[in-house]
1. Would the chain count as rounded, prolate or oblate if I go by the C-alpha gyration tensor, calling it rounded below 1.5 in a/c and otherwise prolate when a/b exceeds b/c, oblate otherwise?
2. Between helix 110-123 and the chain, what is the angle of the helix's C-alpha long axis to the longest principal axis, kept within 0 to 90° and rounded to the nearest 10?
3. To the nearest whole percent, what portion of all C-alpha pairs in the range 44-144 is separated by more than 19 angstrom?
4. Would you mind checking the tilt of helix 86-102 against the longest principal axis of the Cα atoms of the chain, expressed as 0 to 90 degrees and rounded to 10?
5. Could you compute the FRET efficiency for residue 58 and residue 236, with r as their C-beta to C-beta distance and R0 at 30 Å, rounded to 0.05?
6. So how far, in whole Å, is the C-alpha centre of the range 21-40 from the one of the range 64-114?
7. Over every pair of different alpha-carbon atoms in the range 2-77, take the mean of 1/r and invert it; report that Kirkwood radius in Å.
8. On a 0 to 90° scale, report how tilted helix 192-203 is relative to the longest principal axis of the chain, with both axes built from alpha carbons and the result rounded to the nearest 10.
């Protein structure tokens with residue numbers, strides 16, 4: 001028997017009274033389990049199996065299968081604000097899909113769990129959603145092994161001192177100096193403050209990352225860089241992206 005702090009990512013009706021639940025745990029990664037009778041009786045799962053809920057789940061593995069049996073759950077935080085607003089719902093759903101894409105079932109990453117939980121808390125508050133999306137994407141990619149290298153030019157190897165504009169090369173996952181590349185729609189540029197800010201965001205906890213002051217110009221540059229970096233690193237466009245426009 002295991003007990004884990006978990007974030008409910010998806011649920012499906014399963015049989016007449018059961019629910020099939022996908023949940024992201026702090027200690028065991030993403031798992032899937034059956035909550036027997038959850039649609040008929042709420043005693044063991046009182047208001048804790050909705051998407052985005054932070055729940056303490058008690059579960060055990062079914063013999064010989066990758067499916068778990070959910071015994072009970074206790075709600076820690078329901079995040080009702082995420083379901084009351086379409087834009088918050090869309091961004092939370094996008095965060096879930098990005099998490100699931102970066103971390104396959106059974107891959108444990110407590111820092112990603114904390115990032116997702118903290119992002120839901122921030123999304124329920126007053127933080128700007130453009131900024132929060134940037135914070136989440138940059139940190140999630142770094143945790144998934146796709147951090148952007150801001151240390152040196154990815155072509156000539158010259159150290160980047162943060163004193164001039166740089167060019168992002170998605171094929172190299174890093175920046176190039178203006179001696180090696182020119183800015184274009186395919187190779188977006190970053191001013192020194194943008195490069196420094198994005199590097200700080202991807203390498204610090206979310207609470208510290210939120211202290212980075214972003215101008216409108218920095219936000220637009222970061223969005224262009226992260227859009228290209230995500231598409232190239234993941235090899236696809238996430239389905240939930242369409243709802244974020």
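1. Values: a/c = 2.66, a/b = 2.19, b/c = 1.22.
Prolate shape, in that a/c is at least 1.5 and a/b is the bigger ratio.
2. 90 degrees
3. Numbers: 2467 of 5050 pairs.
I get 49 percent for the Cα pairs in the range 44-144 exceeding 19 Å.
4. The angle comes out at about 80 degrees.
5. Working: r = 35 Å, r/R0 = 1.18.
My answer for the efficiency is 0.25.
6. When both Cα centres are located, 10 Å separates them.
7. When all Cα pairs of the range 2-77 are included, the Kirkwood radius is 11.9 Å.
8. 30 degrees
Quick note: the coordinates plus some simple rules give every number you see, no bench work behind them. Computed from a prediction, not measured in an experiment: that's the story for all the values here. Using ideal geometry, Cβ is built from the backbone for each residue, glycine included, and neighbour counts are taken over all protein chains shown.
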